[in-house]
1. Mind checking which residues of segment 434-443 are in a helix (DSSP H, G or I) and not polar (S, T, N, Q)?
2. Only one residue in Asp447, Asp423 is open to solvent by less than 60 Å² (accessible area, probe 1.4 Å) and closer than 17 Å to Arg348 by Cα, so which one is that?
3. Taking the conditions exactly as written (touching a residue at least 24 places away in the same chain (Cβ under 8 Å), within 29 Å of Ser357 (Cα to Cα) and touching a helix residue (DSSP H, G or I) at 6+ places or on another chain (Cβ under 7 Å)), does Ile182 satisfy them or not?
4. Tally time: how many residues in segment 151-179 are within 21 Å of Met206 (Cα to Cα) and either touching a helix residue (DSSP H, G or I) at 6+ places or on another chain (Cβ under 7 Å) or open to solvent by 30 Å² or more (accessible area, probe 1.4 Å) (or both)?
5. Out of all the residues in segment 109-123, which are in a helix (DSSP H, G or I), of a type in the set (S, T, N, Q) and open to solvent by 60 Å² or more (accessible area, probe 1.4 Å)?
6. Residues that are in contact with a Lys or Arg (Cβ under 7 Å, 6 or more places away or on another chain) and of a type in the set (Asp, Glu): does segment 224-246 have at least one?
7. If the requirement is being at pLDDT below 90 and touching a helix residue (DSSP H, G or I) at 6+ places or on another chain (Cβ under 7 Å), which of these qualifies: Pro405, Pro381?
8. Do we have Val190 as modelled with pLDDT of 95 or more and not in a loop (DSSP other than H, G, I, E, B) here?
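The values are calculated or read from the model by the stated rules, or taken from the named source; none is laboratory data. Just so it is clear, the model here is predicted, and its values are computed rather than measured. Neighbour counts run over all protein chains shown; Cβ positions are idealised from the backbone, glycine included. The area values use the complete protein model at the heavy-atom level, side chains included, leaving out ligands, DNA and RNA. Shrake-Rupley method; radii C 1.70, N 1.55, O 1.52, S 1.80 Å.
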Amino acid sequence: MEPAPEGAPDPGPEPDSFHSLLRLKSRSHRVTLSRKHLSWMEEPGRGQGAAGQSFRMPVTEVIQVCLGKRDVSDPDPRPSIPENQFTVFYVKRGSKRQWSLETLLFTAQDRDLSHQWVQLLQQRTQQYGGRRPKNLLVFINPFGGRGQAIRIYSKVSPLFQLAGIQTQVIETTRANHARDHILQEDLQGVDGLVCVGGDGMFSELMHGLIGRTQREAGVCEDEDDAELRPSAIRIGIIPAGSTDCICFATVGINDPITSALHIIIGDSQPLDVCAVHHQDTLVKYSVSLTGYGFYGDVLRESDRHRWMGPFRYNYAGFKTVLSNRCYEGTVEFQAADHVESNPRDNSRCRTGCLVCSESSGRLKEDGDKAEAGQTQQLQNPDSNWQSAEGPFIAINLTAISSACPKSPDGLSPTAHLADGSADLILVKQCSMFQFLRHLSRHTNQKDQFDLPFVNVYRVRALRFTPRREQSDAEGAGASKKSFFGSLCEAPPSQSCWNCDGEVLPYADVSVRVHCQLINLFARGIEGVRRASLFKY
C-alpha cells in the first residue's frame, strides 16, 4: 500500500471501475476499485475544503477478502456479524524488504453493498492477480539447518489456508527423499513445489524437477550440449536452514512470512542453472557456488569434523586460510556474448531487471525459431573461448550473487539471476594476508575484484583440467613453501569442487549455464520504495 503520487492529475474513473462511500477507521472515504488497483481517499469533513490523502493498493497484493471483521491473529475466512463490514488482507512492506500480512476493515451502508464489494474484489484478484498457485506440494526437512522447520511451517500454513491454497505436506526422512518423490510420484494437479529447509533441501527439489522434466521431454541430461527444457512448475522456498543463500539472493531477506506471501500472490522469477559434468556424465546442478580450491577444501575439511556441529565451518575455514594452498591447472571459459552487463559495472539485478528481461526476449526468439525449424544458433558453440593457467587459490563460478546475511553483496554483487551467464572468479597465487584481504571485502562492501591477483569474467561455459598429479617429492617440497602450511598436513596435488555445499570428489569438470531453466515464487530483490506517510 502506498500513497498516490503527489501532484499527479486525477485520471478519472476507468471504464470497469466501481466506487462508493465506505467507512474506514471511523472516517468516510471514497473507495474505488479499478482493474488493477484498490484506492481510497478521505472525504472532507464539514468546514474542510480539500479531501484527505489518497492511497492505492495493487490487487496483485490482495491476499483475501472476507465478509465481517477479521484480523491477522484470526484469519478465518468464514463470514461473521456484522455483514455490512468486510476485511481486506493485503501485503504490507516493512524495513529491509520484509513483508507482513495486514488488514483493512471497511464498513458499507448495508449488507448488499458489502457483499458486492467482496465479490468484485475477489473477481479482480483472480483476473489480474497473476498466476497464483492452487495446489502446493510442501516438503519439510525436520532435521536440517536449525532444526526448526516444523515450527516455522506452522507459522505460514495458516496463510496458505487463508488464501484458499490446498497443500500436501511431506516430512522428509532421509537424504534425497524429496528428489525421489518428485522423480517417481504423480504430480498431476500440482502447480508449485515448496521446500521448508535450507539450500540443500532446495537442491533436492531442483534436481528432482529438472530431472523429471528432461525425462518426460526425452532429453538426455548426460549430454553436456543438450538443450534442457524448463518446467512450468515453480519452486518456493520457506527459509529454515543455516544460510538460505538462494532465498536471500532472490528475495532479499530470509523471512518465512515474506517468502510465503510471495508464493501466495504467485510471483515468478526465472533462474539460471549450471549443469556440471564429469567425463560425459551429469553429476550436479548448481545455482550458487561451484568452487574449486579454497571453498572445496573448506567443505572437505568440515565434512571430516561433523562432530563439531556448525563450528566446523569456522574451524575448516581458519585452517584452510592458514594452509594457503594453490592448485595447478587450466581454466577454459566461454565468454558471454551479450554486452548489456559485466561483473564490474556496479549495476544490481533487481525486480524488473532489464538485462534479464532482454535475455527472456532472446530466449523466446530462439524458441520461436526452433519451432519454425530454423536450427541456426545465435552463438557458435566454439566461439569466445579463452583460457587461464594456474596456480589458483580459488576458482569460483556463481550464477547468482550468492549473497547471504553474513555477506550481503555475495561472491559477485552484480551477477544476474536470469541472463544466461555466470560469473567466473579466478584468485591466483598470493600471500595468505592478500587472500584474507580479498575475503574481507565480501563483507565490507569494497570492490573484491580490485586486486592484482583476482580476475573476473562473465561466462556461459567452463572447463577445468588439473595438472598431472605431483610426485611425493614435489608435494613435500610444496609443503615447505609456507610456514603456516607446514603446521598443517602436506597439500594434496588436487582440490575438489564445492557444488552448492556438496563435495564433488574429482577435479576435471565441465560446466554449462542453462538460461532460465527453473522458476521460483519470487520477484527478485525489490529496489528502495517510498514509505507510506502514515499507517492505516
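1. So in segment 434-443, the residues in a helix (DSSP H, G or I) come out as 434-440.
Within segment 434-443, Phe435, Leu436, Arg437, His438, Leu439 qualify.
2. Asp423
3. Spelling it out, it is not the case that Ile182 is touching a residue at least 24 places away in the same chain (Cβ under 8 Å), within 29 Å of Ser357 (Cα to Cα) and touching a helix residue (DSSP H, G or I) at 6+ places or on another chain (Cβ under 7 Å).
4. 13
5. Passing the criteria: Gln116, Gln119, Gln122, Gln123.
6. Yes, because at least one residue in segment 224-246 is in contact with a Lys or Arg (Cβ under 7 Å, 6 or more places away or on another chain) and of a type in the set (Asp, Glu).
7. On inspection, the qualifying residue turns out to be Pro405.
8. Details: modelled with pLDDT of 95 or more: yes; not in a loop (DSSP other than H, G, I, E, B): no.
Against the criterion (modelled with pLDDT of 95 or more and not in a loop (DSSP other than H, G, I, E, B)), Val190 does not qualify.
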